[in-house]
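First comes the structure, then the notes that go with it.
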Amino acid sequence: MSSLVTLSKNSPEFESYLLGTFDPKKRALPVQTLNVNSASETVTFRVVDVDQIARPSGFKVFFQALKIRSYFLVLMPLFLVLIKNMTEGNIFDPWAALLVVVGLKLAFASANLRNDYLDHMKGLDRVLGESGSRAIQNGWLTATQVKSFSNVFLFLALLCAIPLIVAYPEILMVVAFALAVGLWAQFQKQNSFKYQIGGELAIFLLLGPLLTLGAQMAMGGGFDVQVLLMGALWGWAVLFLVHLRNFRNILPSLQAGFSNTVNWLGFDKARRLLALWWGLLVVFNFTYSWEYADAGAGAVVSAILLLAAVPFVKRLKSLASPVGSEMKIAYRSGVYLFLLAMGLWILQCLWSLM
């Protein structure tokens, strides 16, 4: 049996239905959300028994809820740091390296789950059908469960950080700064960084220079300007992907009142932002390679990235509206560009080991 229930934001039961705490034997699946992100918000839920939900295997729920496919955002910069130090013959503490990898995976899992929780409560994942892991919206997990799992993973990540700080006290400032940025980014229910113009800076810092520098120092490598700039280059690339996803969702996000840099710029200026962002990425890649890596290989990689961007830029210029198949094609083209950059950087790193 299932039934439809419509609740307004000022209803005393509204939050319990979103959290999934209204009845332990039932799930409230959001069907329609009106006036999202406003005082007059209303949500229509389809209330079903838990045993009626077509729930996949526990492994698939785990895989999808944690968004395992996005873990390359953490693993790639760790790979770059490792290869850099291998080419220089630096010797690391292997146990510290293991703790860094495990701790960062746990912290990233916590961030992914916290994002899902916040985006569900805020309404983003209820309005954008392709946003988030969909574990909450499909009824596989409640919002409360997702929040609890996020806290557990965060606690375990902090446990991994303690011995690293004891062994290498110099990383305390990096960890403290990263924690401050993370708390600001993840734990603001009303004004999350994702709903602020320029809030993408938190992603840049956490997945860019703070990540690479923290990993370098935690492994016993000490402060390194090259690693800092390497992180900045990777963070810039990650923000291209973030802006691209926000561009794909620009119309529904604007209609829902969500704010970010792409929405603030508008459709036409956002197209220019993406083209300019990629152009600067190519420039930064060439400059970094010229200064710290193989200048010849860096020039080849930069040329490929520049030429490969031509079809993408043409698709952006030909877009007439933010909806339709052309928008999806442009989005996929941008994703392929990002994956191409990753592949070329991996090949460039492996080449440096020969």
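No value in this document is a laboratory result; all are computed from the given coordinates. Note that the structure is predicted; figures quoted are calculated from it, not measured. When we count neighbours, we look across all protein chains shown, and the Cβ atoms used for this are built from the backbone with ideal geometry, even at glycine.
So the values come out like this:
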{"read-out": "Debye intensity ratio in log₁₀ form over the Cα atoms of region 12-63, taken at each q of 0.26 Å⁻¹", "value": "-1.03"}
{"read-out": "Cβ-derived FRET efficiency at R0 30 Å, Ser57 paired with Val102, nearest 0.05", "value": "0.75"}
{"read-out": "Per-peptide average of other Cβ atoms within 10 Å, ordering 2-9, 120-127, 266-273 highest first", "value": "120-127, 266-273, 2-9"}
{"read-out": "Evaluated over region 244-298, the Cα radius of gyration and Dmax, each in Å", "value": "15.8, 48"}
{"read-out": "Loop-resident sites, region 207-236, for chymotrypsin sites (Phe, Trp or Tyr not before Pro), counting at most 15 other Cβ within 10 Å (DSSP)", "value": "Phe223"}
{"read-out": "At least 30 Å along the helix axis (C-alpha) and Kyte average at least 0.0, DSSP helices within the chain", "value": "94-122, 143-167, 225-248, 267-292, 295-318, 325-352"}
{"read-out": "C-alpha center-to-center spacing [region 265-333, region 19-88] in angstrom", "value": "29"}
{"read-out": "Shape parameters for region 1-124, alpha-carbon atoms, Rg then Dmax in Å", "value": "20.9, 65"}
{"read-out": "Surface/4 of the Cα convex hull for region 93-156, nm²", "value": "4.6"}
{"read-out": "When the convex hull of its Cα atoms is projected in every direction, mean area for region 197-354 (nm²)", "value": "9.7"}
{"read-out": "Globularity ratio of the chain, using Cα Rg and 2.2 N^0.38 Å", "value": "1.06"}
{"read-out": "Reach of Lys269 by Cα under 27 Å, taken over lysines that are not fewer than 8 positions away in the same chain", "value": "Lys122, Lys194, Lys314, Lys317, Lys328"}
